[in-house]
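Right, one structure below, let's go through it.
The values are calculated or read from the model by the stated rules, or taken from the named source; none is laboratory data. The shown structure was predicted, so the numbers you read here are calculated from the model rather than taken from an experiment. All Cβ positions, glycine included, derive from the backbone under ideal geometry; neighbour counts span all protein chains shown.
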């Protein structure tokens, strides 16, 4: 048994990172991996630790006391591997390097980008520049990072530390897409420590699938935070164009965000009843949306590290139409599991959606191929076996 301590900046489920950690813990025992999870919260140099899943506060104090607590916790629980997730604190990470082998999952580009997104917000363009002093300039020009001088300097120094000291200290860096690997190499991370291990999604049994190919009214689904980076406005504008052409569709939007009112304002009055804003839903409800939708639209315009909702839809045998950004092409193969179109090319997206709506044969073929790809590449078994292999390499154990 490999004992793993997962460390994140929170334990509350607020997105894909926390979903992934909980999956690793719940599935781990079937693969000889025993996992526990601590969330680290910091305010005014006071650290608080919460233990998953009970939300129990197990520590509150200064850095010196925290270091003593963590050292004792690791010893008492016979921890073999420290697995870091969304954590940006060089002081803590440097201390952890001295205790046990440290593995890091690169869920997002925070260790290579001060803004953590590789996205120029004001111009809504993907940033292709490697980390460097240009990041300071673009923080002010593009608003891609916090512009408060103290916070900007801290974000910059965090990345500088990661690309130097962190690069030397990590035993392994786990990327969920080829895009993340490419960006990590670009800023100097040791490619011999980089491992590709795409996200997983729970298996959906065949009897749970719902064929919507003959549905009179077809649901086009959006799942995610409502924001410009996620391309919510592109989803709405494309949906309006389809409605103008007379298609019998409903636009289901699962998620929420600060700009919800703005996005609602984009919908012409005569089409508002066709757009349904469902807010955030629990896992059971989200699976019902996947089961009952016709297809998933994934309109992110910033470079998603992966995009887990895509493989969730594919597991339900639903095609995906997406802009080709970031790590999307790791799971979305053009003409096989859906369609990839150039970022912001709304005309191409519209045409691909029309193809899937109008051509039942193409729709059924791509639906089956999407399902097959999800089963072959993104089942939990694939992810867990690769993760165990990485852990064993870090521990110098025979694989």
Exactly one of (1) under 30 Å from residue 385 (Cβ atoms); (2) touching a helix residue (DSSP H, G or I) at 6+ places or on another chain (Cβ under 7 Å); (3) crowded, with 18+ Cβ neighbours inside 10 Å is unmet by residue 113. Its number? (1)
What do you reckon, is residue 61 surrounded by 20 or more Cβ atoms within 10 Å (Cβ to Cβ) and free of Cβ contacts under 8 Å to residues at least 60 places away in the same chain? no
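Taking the range 116-126 as the region of interest, how many residues are touching a helix residue (DSSP H, G or I) at 6+ places or on another chain (Cβ under 9 Å) and more than 23 Å from residue 9 (Cβ to Cβ)?
Let us first name the residues in the range 116-126 that are touching a helix residue (DSSP H, G or I) at 6+ places or on another chain (Cβ under 9 Å), namely 116-123, 125.
If we keep only those that are more than 23 Å from residue 9 (Cβ to Cβ) too, we end up with 120, 122-123, 125.
The qualifying residues number 4.
In this structure, does residue 374 turn out to be crowded, with 24+ Cβ neighbours inside 10 Å and in a helix (DSSP H, G or I)? Let's see the steps before the verdict.
Values: crowded, with 24+ Cβ neighbours inside 10 Å: yes; in a helix (DSSP H, G or I): yes.
The answer is yes for residue 374.
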Can you tell me how many residues in the range 255-295 are in contact (Cβ under 8 Å) with a residue 40 or more places away in the chain and either in a loop (DSSP other than H, G, I, E, B) or not assigned by TED's automatic domain parsing to the domain that holds residue 357 (or both)? 2
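Could you count how many residues in the range 174-202 are more than 15 Å from residue 128 (Cβ to Cβ) and out of contact with any helix residue (DSSP H, G or I) (no Cβ under 7 Å at 6 or more places or on another chain)?
Of the residues in that region, 4 qualify.
Just to be sure before I move on: is residue 169 assigned by TED's automatic domain parsing to the domain that holds residue 98, over 18 Å from residue 294 (Cβ atoms) and either over 23 Å from the mean Cα position of the chain (by Cα) or in contact (Cβ under 8 Å) with a residue 40 or more places away in the chain (or both) in the structure I sent?
Numbers: assigned by TED's automatic domain parsing to the domain that holds residue 98: yes; over 18 Å from residue 294 (Cβ atoms): yes; either over 23 Å from the mean Cα position of the chain (by Cα) or in contact (Cβ under 8 Å) with a residue 40 or more places away in the chain (or both): yes.
Against the criterion (assigned by TED's automatic domain parsing to the domain that holds residue 98, over 18 Å from residue 294 (Cβ atoms) and either over 23 Å from the mean Cα position of the chain (by Cα) or in contact (Cβ under 8 Å) with a residue 40 or more places away in the chain (or both)), residue 169 qualifies.
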Is it the case that some residue within the range 336-353 is surrounded by 14 or more Cβ atoms within 10 Å (Cβ to Cβ) and on the phi > 0 side of the Ramachandran plot? yes
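State the number of residues belonging to the range 114-126 that are part of a loop (DSSP other than H, G, I, E, B) and in contact (Cβ under 8 Å) with a residue 60 or more places away in the chain. Outline the logic, then answer.
So in the range 114-126, the residues part of a loop (DSSP other than H, G, I, E, B) come out as 114-118, 121-124.
Filter once more, keeping what is in contact (Cβ under 8 Å) with a residue 60 or more places away in the chain: 117-118, 121, 124.
Matching residues across the range 114-126 total 4.
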Of the residues in the range 139-155, how many are touching a helix residue (DSSP H, G or I) at 6+ places or on another chain (Cβ under 6 Å) and assigned to a helix (DSSP H, G or I)? 2
Go over the candidates 199, 207, 233 one by one and state the one that is part of a loop (DSSP other than H, G, I, E, B) and either assigned by TED's automatic domain parsing to the domain that holds residue 357 or out of contact with any strand residue (DSSP E or B) (no Cβ under 6 Å at 6 or more places or on another chain) (or both). 199
